[in-house]
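Asks: Sharing a structure below in structure tokens format, with a few things to ask.
What follows is calculated from the coordinates using simple rules that are stated; it is not laboratory data. Keep in mind that this is a model prediction, so the values were computed, not measured. Cβ atoms come from the backbone with ideal geometry, glycine included; neighbour counts cover every protein chain shown.
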Amino acid sequence: LTSIIEKRISLHKKLKDLQQENEHLKSEAEQLERLAILGTNTAMIAHEINNLLTPLSNYAQLALQNSEDRRLAQKALTKTARNCEKASDFMQSILNLSSQSKNEKELVKISDLVSDAFKCIGRDFKRDCIKVKTDIPDDLEIEAVRVQMQQIIINLVLNARDSMLSGGGTLHISAEKAGDNTVHIQIKDSGKGIKNEDIKQVFKPFFTTKNTPGGEKSGSGLGLAYCKRIIDKHNGSISVSSTFGEGTAFYISLPITAN
Ligand SMILES: Nc1ncnc2c1ncn2[C@@H]1O[C@H](COP(=O)(O)OP(=O)(O)O)[C@@H](O)[C@H]1O
Ligand SMILES: [Mg+2]
């Protein structure tokens with residue numbers, strides 16, 4: 001009898017542990033979502049602020065070393081004023097993005113999503129020899145959670161940009177109505193493409209091929225996992241096709257009216 005009682009106690013404890021683990025796993029999915037947003041935004045902010053500050057520091061040092069050169073000082077100050085303004089515009093768009101805590105679906109224009117995404121990214125694609133083409137009917141709208149859709153576009157555009165950083169290329173974003181209640185969005189780049197053995201993995205959380213020059217992981221591998229999760233929640237679908245060495249296209253299909 002004692003042994004039966006002991007067994008019961010031990011089973012009871014096990015059940016409790018499992019319940020706790022279940023709770024834990026449930027919140028993990030939500031954490032993943034928040035981490036993905038945080039990761040993208042942090043990387044974006046760090047990169048952008050660095051881009052704006054580096055030339056300022058270089059100019060200021062040059063001007064200090066050549067304090068007699070008024071033209072140089074003038075140039076340094078002009079650059080400072082301009083980049084400070086850019087930094088504050090950029091920070092404002094990031095703040096706008098994170099203050100939209102509203103998680104309700106509303107009518108969202110695809111063309112606004114794309115232009116807002118570029119405002120948040122803030123980088124000059126021309127500088128990296130990347131041509132951006134958009135082909136989106138102005139009246140095309142879907143019912144969706146705006147901030148989530150923005151994050152999707154940002155993630156896909158940043159991935160496309162990463163893939164073209166070494167040699168430039170073309171980023172083509174298009175959208176069209178397909179059938180009565182569906183919108184198709186395509187984000188296509190002429191970058192380095194995805195290897196055959198990797199393509200099955202790209203939507204898995206933490207899968208990344210991005211490394212620092214030292215060989216450490218530099219990507220979070222959460223961007224596409226986040227995109228897929230959000231698109232699933234909107235009853236849509238996302239897929240990818242890629243040719244290694246030639247480029248990649250992501251296709252999104254979303255219902256126009258939510259159900
Ligand atoms: N446009 C693209 N071109 C080439 N590879 C891509 C592209 N988009 C995604 N990938 C691949 O998918 C992986 C996962 O992407 P993602 O989930 O956004 O994570 P991360 O960007 O942090 O690596 C990338 O590391 C890369 O290997
Ligand atoms: Mg990414």
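Asks: State the number of residues belonging to region 188-229 that are within 22 Å of V108 (Cα to Cα) and more than 8 Å from ligand 1 (Cβ to nearest atom).
Replies: First pass over region 188-229, keeping only residues within 22 Å of V108 (Cα to Cα): 188, 223-224, 226-229.
Right, trim to more than 8 Å from ligand 1 (Cβ to nearest atom) and you get 188, 228-229.
Counting residues in region 188-229 that are within 22 Å of V108 (Cα to Cα) and more than 8 Å from ligand 1 (Cβ to nearest atom) gives 3.
Asks: Can you tell me which residue within region 142-191, out of those that are surrounded by fewer than 22 Cβ atoms within 10 Å (Cβ to Cβ) and acidic (D, E), is farthest from ligand 2 (Cβ to nearest atom)?
Replies: Per the stated criteria, the residue is D180.
Asks: Just to be sure I understand, how many residues within region 61-86 are closer than 20 Å to N51 by Cα and outside any helix (DSSP H, G or I)? Steps first, please.
Replies: Of the residues in region 61-86, the ones closer than 20 Å to N51 by Cα are 61-63, 75-86.
Narrowing the set further to residues that are outside any helix (DSSP H, G or I) leaves none.
The total comes to 0.
Asks: Still on this structure, I have one more. Can you tell me which residue within region 234-243, out of those that are touching a residue at least 40 places away in the same chain (Cβ under 8 Å) and more than 9 Å from ligand 1 (Cβ to nearest atom), is nearest to the chain's Cα centre (by Cα)?
Replies: Let us first name the residues in region 234-243 that are touching a residue at least 40 places away in the same chain (Cβ under 8 Å), namely 234, 240, 242-243.
Cutting the leftovers down to more than 9 Å from ligand 1 (Cβ to nearest atom) gives us 234, 243.
Details: H234: 18, T243: 22 Å.
Checking each candidate, the answer is H234.
Asks: Residue pairs, Cβ under 6 Å, 6 or more apart or interchain, first in region 149-174 and within 11 Å of I130 (Cβ to Cβ) and touching a residue at least 40 places away in the same chain (Cβ under 8 Å), second assigned to a loop (DSSP other than H, G, I, E, B) and away from ligand 1 (no atom under 12 Å from the Cβ). List them.
Replies: G168/C129
Asks: Taking the stated definitions as given, is L35 of a type in the set (A, V, I, L, M) and under 30 Å from I231 (Cβ atoms)?
Replies: Working: of a type in the set (A, V, I, L, M): yes; under 30 Å from I231 (Cβ atoms): yes.
Yes, satisfied.
Asks: May I pose another question? Please work out which residue is farthest from L156 (Cα to Cα), limiting yourself to region 210-249 and to residues that are in a loop (DSSP other than H, G, I, E, B) and within 13 Å of ligand 2 (Cβ to nearest atom).
Replies: In the first step, residues of region 210-249 are kept if they are in a loop (DSSP other than H, G, I, E, B); the result is 210, 212-216, 218-222, 234-236, 244-246.
Those left that are additionally within 13 Å of ligand 2 (Cβ to nearest atom): 210, 218-222.
Values: K210: 15, S218: 17, G219: 14, S220: 14, G221: 12, L222: 12 Å.
Checking each candidate, the answer is S218.
Asks: Given the condition near ligand 1 (Cβ under 9 Å from one of its atoms) and either charged (D, E, K, R) or more than 25 Å from L107 (Cα to Cα) (or both), answer yes or no: does some residue in region 149-159 qualify?
Replies: Yes: one or more hits.
Asks: Could you grab me the full set of residues in region 192-218 that are surrounded by 17 or more Cβ atoms within 10 Å (Cβ to Cβ) and small (G, A, S)?
Replies: Selection gives G193 alone.
Asks: While we're here: Is it the case, given these coordinates, that T182 is out of contact with any Cys (no Cβ under 7 Å at 6 or more places or on another chain), more than 10 Å from ligand 1 (Cβ to nearest atom) and within 30 Å of T257 (Cβ to Cβ)? It would help to see each step written out before you state the result.
Replies: Numbers: out of contact with any Cys (no Cβ under 7 Å at 6 or more places or on another chain): yes; more than 10 Å from ligand 1 (Cβ to nearest atom): yes; within 30 Å of T257 (Cβ to Cβ): yes.
It is true that T182 is out of contact with any Cys (no Cβ under 7 Å at 6 or more places or on another chain), more than 10 Å from ligand 1 (Cβ to nearest atom) and within 30 Å of T257 (Cβ to Cβ).
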